[in-house]
Amino acid sequence: MRKPIIAGNWKMHKTLGEAESFFDSVKDRLPNAGRADTVICAPAPFLASLAGRAGDGSPEIGAQTMHEEEKGAYTGEVSPVMLADLGVRYVIIGHSERREYFNETDESVNRKTKSAFGHKLIPIVCVGESLEEREGDKTAEKISGQVRAALEGISAEDAANAVIAYEPIWAIGTGKTATSDMANEACATIRSTLADLYGQETANQIRIQYGGSVKPENIAELLAQPDIDGALVGGASLEPESFIALAEAA
Ligand code: PEP
């Protein structure tokens with residue numbers, strides 16, 4: 001049985017004070033912390049403070065990206081060593097906004113995914129098709145290629161702990177959600193790619209999230225699908241009440 005995982009991706013929002021007060025207001029109000037994992041992927045400057053506040057009854061902490069190297073002359077970047085040292089547990093890798101605006105490629109996503117595992121961070125690897133690819137019937141090819149590339153050279157033991165987020169690009173921040181059937185079909189394609197790479201037993205352990213305009217009103221229907229194990233949520237993760245409602249659905 002896969003444990004549901006609801007992760008908020010705050011992107012470039014909030015001040016430190018707002019981030020801390022969000023955290024204080026959701027703490028101890030998340031339903032049955034043992035039943036589902038909840039994660040807040042916060043901007044890098046807030047990670048130390050939030051990781052210091054995290055504990056029983058609070059969400060775990062994730063970063064939104066990282067560099068693959070442990071240290072070096074990479075101005076502006078954050079290393080996996082720094083994240084692990086703070087107590088960060090998860091890291092989003094290859095979000096479509098990183099691929100689009102910051103030149104991340106399947107190759108860099110693979111290097112970062114390997115590096116995350118090497119530092120005991122759980123990568124949330126994002127894959128997803130553009131509207132053009134969906135309309136051209138290329139969704140399965142695109143997402144299965146991205147999954148294969150991201151996990152190239154990664155052992156089944158590590159892969160079993162990965163989280164894959166299926167995020168159709170046309171549904172992110174647009175208010176357009178994939179129907180639950182569409183989302184499940186894509187997640188099932190991802191699972192069969194994983195089975196091809198690692199065997200069905202490992203594929204059955206890997207959690208696959210859907211992301212793209214998820215909100216309290218539509219999350220239950222998405223999570224009811226057999227291959228959807230959680231959600232990666234942008235806009236609707238910013239307010240405490242909304243985040244609690246998302247967690248309650250899991
Ligand atoms: C995201 O940031 O990954 C995302 C899915 O955003 P939103 O929920 O706002 O569409």
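The values are calculated or read from the model by the stated rules, or taken from the named source; none is laboratory data. Given the structure is predicted, the values throughout are model-derived calculations rather than measurements. Because the Cβ atoms are built from the backbone with ideal geometry, glycine has one as well, and the counts that use them run over all protein chains shown. Calculation scope for accessible area: heavy atoms of the full protein, side chains included, ligands and nucleic acids excluded. Shrake-Rupley method; radii C 1.70, N 1.55, O 1.52, S 1.80 Å.
Points to keep in mind about this one:
- Residue match in the range 30-42 (condition: of a type in the set (Asp, Glu) and crowded, with 19+ Cβ neighbours inside 10 Å): yes
- Scanning the range 1-36 for residues that are assigned to a loop (DSSP other than H, G, I, E, B) and without any contact (Cβ under 8 Å) to a residue 60 or more places away in the chain yields Met1, Met12, Thr15, Lys27, Asp28, Asn32, Ala33, Gly34.
- Residue satisfying condition, being within 16 Å of the ligand (Cβ to nearest atom) and more than 26 Å from Gln146 (Cα to Cα), within set Pro59, Pro31, Pro123, Pro43: Pro59
- Per-region count, the range 1-27, residues open to solvent by 10 Å² or more (accessible area, probe 1.4 Å) and away from the ligand (no atom under 16 Å from the Cβ): 13
- Failed condition for Ala48, given (1) farther than 19 Å from Leu86 by Cα; (2) open to solvent by 20 Å² or more (accessible area, probe 1.4 Å); (3) in contact with a helix residue (DSSP H, G or I) (Cβ under 8 Å, 6 or more places away or on another chain): (1)
- Cβ-Cβ distances below 6 Å connect the following pairs, each with a first residue in the range 37-56 that is of a type in the set (Phe, Trp, Tyr), a second residue that is at pLDDT 95 or above and open to solvent by 20 Å² or more (accessible area, probe 1.4 Å), and a separation of six or more residues or different chains: Phe46/Leu16.
- Qualifying residue in the range 192-212 (condition: within 15 Å of the ligand (Cβ to nearest atom), surrounded by 23 or more Cβ atoms within 10 Å (Cβ to Cβ) and in a helix (DSSP H, G or I)): no
- Scanning the range 216-235 for residues that are within 11 Å of the ligand (Cβ to nearest atom) and either buried (at least 24 other Cβ atoms within 10 Å of the Cβ) or farther than 17 Å from Tyr166 by Cβ (or both) yields Ile219, Ala231, Leu232, Val233, Gly235.
- Any hit, the range 170-179, residues being modelled with pLDDT of 95 or more and not aromatic (Phe, Trp, Tyr): no
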